[in-house]
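First the structure, in the form of structure tokens, and then the observations on it.
The values are calculated or read from the model by the stated rules, or taken from the named source; none is laboratory data. Please read these numbers as outputs of a predicted model, since none were measured by experiment. Glycine gets a Cβ as well: all are built from the backbone with ideal geometry, and neighbour counts include every protein chain shown. Please note that ligands, DNA and RNA were not included when accessible areas were found on the heavy atoms of the full protein model with its side chains. Shrake-Rupley method; radii C 1.70, N 1.55, O 1.52, S 1.80 Å.
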Amino acid sequence: MKKIFIFLGIILLLFSCSKKAVYPEAPADGDSVKIALVGIEEKKPVFFTFYDNGKGINYFVLKVNGDVRSYFDACARCYPKKLGYRSETERIICRACDIGYHASDLKDGIGSCYPIKLEGRVEEDNYVIYKTDLLKGKKYF
């Protein structure tokens, strides 16, 4: 009986703890995704997942001093672990190595676990990211 509980515990652990985070999809419009600027608060990242043939590509959008930017939810050093980042009090922290950066410091890109930049731009009331730019990060996921 004890072996059954141990076996069931291992099965539950394996299937309930997915390493890779999954976030909502941003609205897609032809060759781009469009994220409403009204939903992006200062120094609070908003995470999304873009799907390409069933494969999720995670990224986040961040506003700092009114400037909106986007990053893949991965860094060049820790991406093989597929853990991404978390946000804590205006800091973006790697889930794999626990190195964090203040949201204001991300633009400079200095550090060992810096999020990989994702091209995007403000168009009217939206932040627009082209699918071709999202696909450039597919290798990290």
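Inside region 22-63, can you point out the residues that are part of a loop (DSSP other than H, G, I, E, B), in contact with a strand residue (DSSP E or B) (Cβ under 9 Å, 6 or more places away or on another chain) and of a type in the set (Gly, Ala, Ser)?
Residues of region 22-63 that are part of a loop (DSSP other than H, G, I, E, B), as a first pass: 22-27, 30-31, 40-41, 43-45, 53-54.
Filter once more, so that each one left must be in contact with a strand residue (DSSP E or B) (Cβ under 9 Å, 6 or more places away or on another chain): 22-27, 31, 40-41, 43-45.
Hit for region 22-63 is Ala26, nothing else.
In region 88-107, what residues are over 18 Å from Ala74 (Cβ atoms) and of a type in the set (Ser, Thr, Tyr)?
Hits for region 88-107 are Thr89, Ser104.
From the residues in region 67-81 that are out of contact with any Pro (no Cβ under 9 Å at 6 or more places or on another chain) and in a strand (DSSP E or B), which one is surrounded by the fewest Cβ atoms within 10 Å (Cβ to Cβ)?
Going residue by residue through region 67-81, those that are out of contact with any Pro (no Cβ under 9 Å at 6 or more places or on another chain) are 67-70, 76-81.
Filter again for in a strand (DSSP E or B), leaving 67-70.
Values: Asp67: 9, Val68: 16, Arg69: 20, Ser70: 24.
Only one residue tops the list, namely Asp67.
Is it fair to say Phe60 is in contact with a Pro (Cβ under 6 Å, 6 or more places away or on another chain) and under 18 Å from Pro24 (Cα atoms)?
Details: in contact with a Pro (Cβ under 6 Å, 6 or more places away or on another chain): yes; under 18 Å from Pro24 (Cα atoms): yes.
Yes.
Across region 102-132, what is the total count of residues that are surrounded by fewer than 19 Cβ atoms within 10 Å (Cβ to Cβ) and assigned to a helix (DSSP H, G or I)?
Adding up the residues that qualify gives 6.
Kindly provide the set of residues from region 49-66 that are open to solvent by less than 60 Å² (accessible area, probe 1.4 Å) and within 25 Å of Ile110 (Cβ to Cβ), ordered by number.
The answer is Ile57, Asn58, Tyr59, Phe60, Val61, Leu62, Lys63, Val64, Gly66.
State whether one or more residues within region 20-34 are farther than 27 Å from Leu135 by Cβ, of a type outside the set (Phe, Trp, Tyr) and either modelled with pLDDT of 95 or more or surrounded by fewer than 18 Cβ atoms within 10 Å (Cβ to Cβ) (or both). Talk me through it step by step, then tell me what you get.
Narrowing region 20-34 to residues farther than 27 Å from Leu135 by Cβ: none.
No: zero hits.
Taking only region 82-98 into account, find how many residues are out of contact with any Phe, Trp or Tyr (no Cβ under 9 Å at 6 or more places or on another chain) and either surrounded by 15 or more Cβ atoms within 10 Å (Cβ to Cβ) or under 23 Å from Ile40 (Cα atoms) (or both).
In the first step, residues of region 82-98 are kept if they are out of contact with any Phe, Trp or Tyr (no Cβ under 9 Å at 6 or more places or on another chain); the result is 83, 86, 88-90, 97-98.
Imposing the further condition that a residue be either surrounded by 15 or more Cβ atoms within 10 Å (Cβ to Cβ) or under 23 Å from Ile40 (Cα atoms) (or both) reduces the set to 83, 86, 88-90.
Result for region 82-98: 5.
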